[in-house]
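S.K.: Mind having a look at this structure? Questions to follow.
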Amino acid sequence: MKIIKKILLSIVFLIIVIYLIKSLNPRVKNLSPKEVLNIDVFYETRCPDSADFLMQIGQLRPKIFKYLNINFKPFGKASYTWDEDNKKWNFHCQHGAQECYGNTIHNCLISQKPKFEDHFPFLACTMENLMISFENAANACAKKYLINYEELKSCANSNKGNQLLYQAGEITNNLVPKLNYVPWINLNGIHTNEVQQLAEANLTYLICSKLKVLFNIECNWN
């Protein structure tokens, strides 16, 4: 009996020690922290600078994406007014009606296919050559990436598409600080001049420097 009692006391003591260690060390509580950078991209579908930035994203090394959560908000410097007669929002975009349509198509696809890998190739493809009309580019890109473009057009021309663009506008217009340039880049929900300049100049460098500082992760993937 004495031996059994000693064993039980040892087990209880061990459990208490483990509990105390976990309570004092937050890294023990979560042995696999979510080491991810959140990048929000506020852009316009007919904007050359936006197109350049999406091209940068497409050129990132594949291994880096497991550390990234990239969110796209196609709207930019557009404005909108409520049309009481037709019960919908009317939009005015920096690069014209074609851009409003493109922004809506992008919002529809992001809504239908929320995973980055399911929508990004199409988004970037439609902005590769801004000399081509958005409609022609979108048709070709939909075929390339097996996207149902008729379904996207149906969404864009419906109340749902109208609401999706309005919601993107509300999020964009409530940014702090206010968006005054496109593309507008937030890192982990924060916008600074340093982040903006580095993101556009060298996105890989920005990501790798932040991974090193925040998570002690080295970009040694050569």
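S.K.: Within the stretch 152-167, restricting attention to residues that are closer than 23 Å to Ala137 by Cβ and among the hydroxyl-bearing types (Ser, Thr, Tyr), which residue is most open to solvent (accessible area, probe 1.4 Å)?
M.R.: Going through the stretch 152-167, the residues closer than 23 Å to Ala137 by Cβ turn out to be 152-158, 160-162, 164-165.
Pick out the ones that are also among the hydroxyl-bearing types (Ser, Thr, Tyr) and you get 154, 158.
Values: Ser154: 76, Ser158: 42 Å².
Across the stretch 152-167, the extreme among qualifying residues is Ser154.
S.K.: So which residues in the stretch 166-204 are part of a helix (DSSP H, G or I) and within 16 Å of the chain's Cα centre (by Cα)?
M.R.: In the first step, residues of the stretch 166-204 are kept if they are part of a helix (DSSP H, G or I); the result is 166-173, 193-201, 203-204.
Within the stretch 166-204, Gln167, Ala168, Gly169, Ile171, Thr172, Val195, Gln196, Ala199, Glu200, Leu203, Thr204 meet the criteria.
S.K.: With the structure loaded, tell me whether Lys212 is over 21 Å from Arg46 (Cα atoms), among the charged types (D, E, K, R) and either touching a strand residue (DSSP E or B) at 6+ places or on another chain (Cβ under 6 Å) or not in a strand (DSSP E or B) (or both) or whether it fails that test. Break it down into steps so the answer makes sense when it comes.
M.R.: Details: over 21 Å from Arg46 (Cα atoms): yes; among the charged types (D, E, K, R): yes; either touching a strand residue (DSSP E or B) at 6+ places or on another chain (Cβ under 6 Å) or not in a strand (DSSP E or B) (or both): yes.
In short, yes.
S.K.: Of Gly76, Gly58, Gly96, which residue is closer than 21 Å to Tyr145 by Cβ and touching a residue at least 12 places away in the same chain (Cβ under 8 Å)?
M.R.: Gly58
S.K.: Of Lys63, Lys77, which residue is on the phi < 0 side of the Ramachandran plot, more than 16 Å from the chain's Cα centre (by Cα) and modelled with pLDDT under 95? If you could, list the steps in order and put the result at the bottom.
M.R.: Details: Lys77 fails: modelled with pLDDT under 95.
From the options Lys63, Lys77, the qualifying one is Lys63.
S.K.: For the stretch 22-54, what are the residues that are touching a Ser or Thr at 6+ places or on another chain (Cβ under 9 Å) and either among the acidic types (Asp, Glu) or modelled with pLDDT of 95 or more (or both)?
M.R.: Val41, Phe42, Tyr43, Glu44, Thr45, Ala51
S.K.: Looking at the stretch 180-217, which of its residues are open to solvent by 50 Å² or more (accessible area, probe 1.4 Å) and either among the hydrophobic types (A, V, I, L, M, F, W, C) or in contact with a Leu (Cβ under 8 Å, 6 or more places away or on another chain) (or both)?
M.R.: Asn188, Ile190, Ala201, Thr204, Tyr205, Lys210, Val213, Leu214, Phe215
S.K.: Kindly list, by first and then second residue, each pair from a residue in the stretch 106-124 that is closer than 16 Å to Gly161 by Cα to a residue that is acidic (Asp, Glu) and assigned to a helix (DSSP H, G or I), limited to pairs with Cβ atoms under 9 Å and residues at least 6 apart or on different chains.
M.R.: That search, which allows pairs on different chains as well, returns Cys108/Glu151; Leu109/Asp118; Gln112/Asp118; Gln112/Glu151.
S.K.: If a residue has to be among the basic types (Lys, Arg), surrounded by 19 or more Cβ atoms within 10 Å (Cβ to Cβ) and part of a loop (DSSP other than H, G, I, E, B) to count, how many in the stretch 45-76 make the cut?
M.R.: Residues meeting the conditions: 1.
S.K.: Criterion first (touching a helix residue (DSSP H, G or I) at 6+ places or on another chain (Cβ under 9 Å), surrounded by fewer than 16 Cβ atoms within 10 Å (Cβ to Cβ) and more than 24 Å from Met55 (Cα to Cα)) does Glu170 satisfy it? Break it down into steps so the answer makes sense when it comes.
M.R.: Working: touching a helix residue (DSSP H, G or I) at 6+ places or on another chain (Cβ under 9 Å): no; surrounded by fewer than 16 Cβ atoms within 10 Å (Cβ to Cβ): yes; more than 24 Å from Met55 (Cα to Cα): yes.
Judged against the criteria, Glu170 is not a match.
S.K.: Go through (1) open to solvent by 60 Å² or more (accessible area, probe 1.4 Å); (2) farther than 20 Å from Phe42 by Cβ and name the single condition Asp83 misses.
M.R.: (1)
The values are calculated or read from the model by the stated rules, or taken from the named source; none is laboratory data. Note that this is a predicted model, so its numbers are computed, not measured. Please note: Cβ atoms are built from the backbone with ideal geometry, for glycine as well, and neighbour counts cover all protein chains shown. Ligands, DNA and RNA are stripped out before the accessible areas are found, and what is left, the full protein with its side chains, is counted by its heavy atoms. Shrake-Rupley method; radii C 1.70, N 1.55, O 1.52, S 1.80 Å.
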